[in-house]
């Protein structure tokens, strides 16, 4: 009897281990696939000409993606400027001020925000935000500003939920110590609680950046997709992700490879962000 | 003697929801003395201590009736910020903030707007000297307070309080996280601090109460059973329950 039980346990363990590693396998496959398709062009054209090249004319042999790299960073920081203060305020409200009922209502609502498909965000952007910008500030409306606003909202759930967890994990004894010295609630929050949760809050911003830089559909719909470095927040731009999605359908040969090398650059940027979030910041928390 | 008490309660009752935690407590703490509250776990001694700086406010569902006086002023008439500045508290587990030693020491000054760059250093030095930490920490201002030993952390927490010049210090089982040698040193510190401050300590260590305190109150199931000079409580208790507890028959 006992022996069969152990056997069952063993089989379950083997099956789960296999499944767990299969997701790793997918990661490895995606990685090697993109590198395999994208790297030959780096060898042929040269790393410098691709990353620091200003001209993207893949059918004429120019594969410069520098404007798109810059544009991707612009929209990411734009999103952060909008999303970070909003998200952090929301996390502070949820953890420190809201009652139990409010929390039970707000948390699922925010999770729903994360579940809205990105095409819906893009749609709302095209219907409302783009015309508002066009009518009030000029330009086409399809712009860095519109993209930043949409992405700022889209990264809210990431920033809120991770910041919220970080703030909630600040020990109660810190708050008590502060109150017992005569600090007000707000003093306690901004001088003790938020600084104590600093690492987790920064991690939430960086993971939010990762989400923003990787977003594609909503960005294509509101960014205008022009191939240049934007010089004002009302200028249109094209991001790395947008470039791949827009052109892959009709790209062949070197052009196709150029898109894959765009993917390689994107992958590297996201890996760096994740590395910072996971190791640079979280490790300090443990210490 | 009756005139110089700085903390007192009159017919104090406190309930958490339906739980009656303090029952008709009449209690006083005299100036520049150490008063100990003893009793088995759950007898309400910490709850009584926390009434004096309104830390019970942080808990939902607490109802308090009766009167509490701090410096003969009714608690309801004192601004909570002023009250907590005047009545400092040290917790069971040392709770320095996860910042540097110096940041911990100037926290109180900052929140009360007493933060003057020139004076800060002198105040920090004075308070660290008062708890016997100056020599240990004068070169470690920028070290994280979390890297210190438990005893040093607890002393730092006491020093942190002293920066805002309290008159009364509440200690809620301050030695329960410390080893015997560290406990002895903190007890010596308490006796030292008695010259300038009034101290109320909750402890479940009877020997500690006997060693450091001038007055002792014995609590059981939310009632203050007996209160008097420590020597009298420990040598000739009037109540049979007190006698039972201090001789170790229960608790």
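Values quoted throughout were computed directly from the atomic coordinates according to the rules given, and no laboratory measurement underlies them. Computed from a predicted model, the values in this text were never measured in an experiment. Don't worry about glycine lacking a Cβ; one is built from the backbone with ideal geometry, like all the others, and counts go over all protein chains shown.
Quick notes on this structure:
- Peptide B:81-94 has a mean of 3 when you count, residue by residue, the C-beta atoms of other protein chains within 10 Å of its C-beta.
- Likely footprinting exposure, A:56, A:186, B:134, fewest C-beta neighbours within 10 Å first: A:186, B:134, A:56
- Taking each DSSP H run with n ≥ 4 as -39500 (n - 2.57) and averaging over every residue of chain B yields -10000 deg cm²/dmol at 222 nm.
- Peptides A:188-194, A:208-214 ranked from most to least packed give A:208-214, A:188-194, packing being the mean of other C-beta atoms within 10 angstrom over each peptide's residues.
- Helical contribution to [θ] at 222 nm, DSSP H n ≥ 4, -39,500 (n - 2.57), averaged over chain A, rounded to 500: -23000 deg cm²/dmol
- With Cα atoms defining each centre, region B:179-251 and region B:106-134 are spaced 31 Å apart in the structure.
- Peptides ranked, highest mean first, by Cβ atoms within 10 Å: ranges A:127-134, A:82-89: A:82-89, A:127-134
- Of all the options B:152, B:80, B:181, the one that moves most in a Gaussian network model of chain B with Cα springs shorter than 10 angstrom is B:181.
- Taking chain B and dividing mean pair separation by its residue count, relative contact order in percent (alpha carbons under 8 Å, at least six apart): 29 percent
- Put in line by how crowded their Cβ is, counting other Cβ atoms within 10 Å and starting with the fewest, B:170, A:151, B:224 read B:224, B:170, A:151.
- Among B:92, B:207, B:31: highest mean-square fluctuation, GNM of chain B, C-alpha pairs under 10 Å: B:207
- If you run the Gaussian network model on chain A, springs between alpha carbon atoms under 10 Å, then out of A:267, A:27, A:234 the most flexible one is A:27.
- Of all DSSP bridge pairs formed entirely within the protein assembly as shown, close to 60 percent run antiparallel.
- Inter-chain neighbour count for A:171-179: the average number of beta-carbon atoms from partner chains within 10 Å of each residue's beta-carbon is 6.
- Kirkwood Rh, angstrom, region A:114-163 [1 / mean 1/r, Cα pairs]: 11.5 Å
- Each Cα pair under 8 Å and six or more residues apart adds its separation to the average, and for chain A the resulting relative contact order is 26 percent.
- Förster radius 35 Å - calculated FRET efficiency between residue A:172 and residue B:117 (Cβ-Cβ, nearest 0.05): 0.65
- A simple spin-label model places the labels of residue B:13 and residue A:252 9.1 nm from each other, with each point 7 Å out along Cα-to-Cβ.
- The mean number of Cβ atoms from other chains found within 10 Å of a Cβ in peptide A:181-193 is 5, as a whole number.
- Largest-first ellipsoid semi-axes for the protein assembly as shown, taking √(5λ) over the Cα gyration tensor eigenvalues, angstrom: 62, 26, 23
- Label-zone membership for region B:83-108, site residue B:139, 7 angstrom Cα→C-beta point, backbone N under 17 Å: B:101-102
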